Amino acid sequence: MTQRRRLQLEWAQHEGRDCLKIGGWTEAELGELNGLDAGALSRRLALYPSEAVPHGGGWPVVPPVAGSFLIEGEAAWFVPRFPFVDGVSYSLLVGSVCGAEVWDIRRASSKGSTTTEALEIYPTAAELPVNLLRVYVHFSAPMSEGWAARAITVTRADTGETLDDVFLPPEPELWDAQRKRLTMLLDPGRIKRGLVPNLEFGYPLVEGTTVRITIDPAFRDATGQPLRAGMARSYDVGPPLRSRLDPAAWQVTTPAAGSRDPLQVEFDRPLDHGLLQHCLSVRDSGDVTLDGMGEIGKREHSWSFAPDVPWKTGDYQLVVEPRLEDVAGNTPARVFDRDVTKAEDAPGEWEAVTIIFTCARTHGARVDRAY
C-alpha cells in the first residue's frame with residue numbers, strides 16, 4: 001500500500017444496508033485489492049473499535065469487527081455482520097501486522113438515554129466446581145459485539161488480582177439470536193486433564209478461593225449506549241465435579257391428578273441454565289409432549305413443570321435429553337473432565353433418560369425410572 005493518497009471514509013448504504021465506504025485508493029491499489037480473495041483481503045484490511053487499537057499503532061489483540069470487505073468500482077466496502085454502534089469511533093487498519101495505516105471515523109451519537117441493564121449472571125449457585133465450563137450473561141436489550149473481552153473480568157476476592165485468560169477468546173462472541181444472552185466459555189483445553197494447556201497452566205479458576213465476575217457498565221448495547229450500571233457476582237471455587245449426570249439421584253415430587261400443580265424435580269447438583277431451558281420435557285402415556293410452563297429453580301438446583309390442562313390419573317414420563325449438562329459439562333452419557341484411564345468414565349450411549357411417574361388423586365405418588 002502507499003500513503004501517496006488520502007483515504008476517504010464515509011457511512012453509506014450498500015444494497016440497503018448500512019456500510020462503511022472507503023474511497024481514495026490509487027489505481028494500482030484498487031487493482032491489487034481486486035486480485036485478493038476474501039481471506040487475503042481480510043488480512044490486508046480490518047476494522048476495529050478505535051479504543052481497541054493500541055496507542056502508537058500496531059494491531060489489536062482482540063478480534064476485529066465481524067463482517068466482510070468487498071471491492072466495487074473505485075471503493076472498498078465493509079459490510080458488517082451486525083449493525084454499527086452509534087457514538088462509537090471505528091479505526092480502519094490498512095497494511096499488515098508489521099505495519100499498518102490507521103484511518104478513523106466516528107458514528108453519530110444517538111439521543112437515547114441509558115436504559116439497558118445486565119439482568120443476571122449464571123450460574124447463580126454460591127459455590128462452583130473448579131472445572132466450571134461456561135458462564136451466561138443476560139441483558140435486558142440487544143447488545144453490541146466486540147465488548148465481551150474488555151468488559152467482563154474475573155478477579156480474586158482475597159487479593160483483587162485479575163485472573164487473565166479465564167475465558168476462551170470470544171472469536172466470535174457467542175450470542176443468542178436476540179443478542180441478549182452472551183455465553184462465555186472457560187478454556188476447555190485447561191479443563192480437560194491430560195491436555196497440554198491443563199498440564200502447563202492448570203484450571204482457569206483456583207480451588208479454595210473466592211472469585212468475582214464483573215460486568216463493566218462500559219459494555220455497549222446495540223444503540224451504542226453504555227449499561228445503566230455494572231453488575232457482579234461472587235463464587236466460592238470448590239473441588240472438581242467429575243461424574244456423569246445421574247437422573248436416578250434426583251428427587252421427583254408428583255402432583256395430584258385433577259390439579260394443575262407443578263411437577264417438582266430436585267437435582268443432586270446445579271445444572272447448566274441454558275440447557276435446562278430445552279432439555280427437560282413431560283410426555284403422557286401416549287408419548288405426546290405436554291404443553292405447559294417449565295421453570296428453573298433457585299441456583300439451578302431444581303425444575304418444575306405446570307401443565308396447561310389438569311393432570312389425569314395415570315403414568316407420565318419426564319424425559320431427560322442426553323445433551324443436558326451440569327455446570328462442569330457432564331452429561332448422562334459422559335464425563336467432560338474425565339480420566340481416560342478409567343473405564344467407568346468412558347462415554348456411553350447418547351440416549352434420552354426417562355423417569356416414569358404416576359399421578360393419583362393424592363400427592364406423592366409412585367415414581368419409577370426406566371433407562
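The values are calculated or read from the model by the stated rules, or taken from the named source; none is laboratory data. The shown structure was predicted, so the numbers you read here are calculated from the model rather than taken from an experiment. As a convention, Cβ positions derive from the backbone with ideal geometry for all residues, glycine included, and neighbour counts pool all protein chains shown.
The table below gives the values:
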item	result
Where a residue in the range 19-43 is of a type outside the set (A, V, I, L, M, F, W, C) and its partner, wherever it lies, is surrounded by 14 or more Cβ atoms within 10 Å (Cβ to Cβ), with Cβ under 6 Å and at least six apart	Lys21/Ala12; Lys21/Ala75; Lys21/Trp77; Gly23/Ala75; Gly24/Leu7; Asn34/Ile71
Filter pass, Val327 being surrounded by 18 or more Cβ atoms within 10 Å (Cβ to Cβ), closer than 25 Å to Glu120 by Cα, touching a Leu at 6+ places or on another chain (Cβ under 6 Å) and not assigned by TED's automatic domain parsing to the domain that holds Asp216	yes
Of all residues making up the range 18-72, the number that are crowded, with 17+ Cβ neighbours inside 10 Å and aliphatic (A, V, I, L, M)	12
Residue among Asp268, Asp287, Asp272 that is acidic (Asp, Glu) and out of contact with any helix residue (DSSP H, G or I) (no Cβ under 8 Å at 6 or more places or on another chain)	Asp287
Exclusive hit being outside any strand (DSSP E or B), in contact with a strand residue (DSSP E or B) (Cβ under 8 Å, 6 or more places away or on another chain) and among the small types (Gly, Ala, Ser), set Ala306, Ala248	Ala248
Single residue of Trp77, Trp59 found to be in contact with a Leu (Cβ under 9 Å, 6 or more places away or on another chain), assigned by TED's automatic domain parsing to the domain that holds Asp37 and at pLDDT 85 or above	Trp77
Some residue of the range 192-212 being surrounded by fewer than 17 Cβ atoms within 10 Å (Cβ to Cβ), part of a strand (DSSP E or B), of a type outside the set (Val, Ile, Thr) and under 24 Å from the mean Cα position of the chain (by Cα)	yes
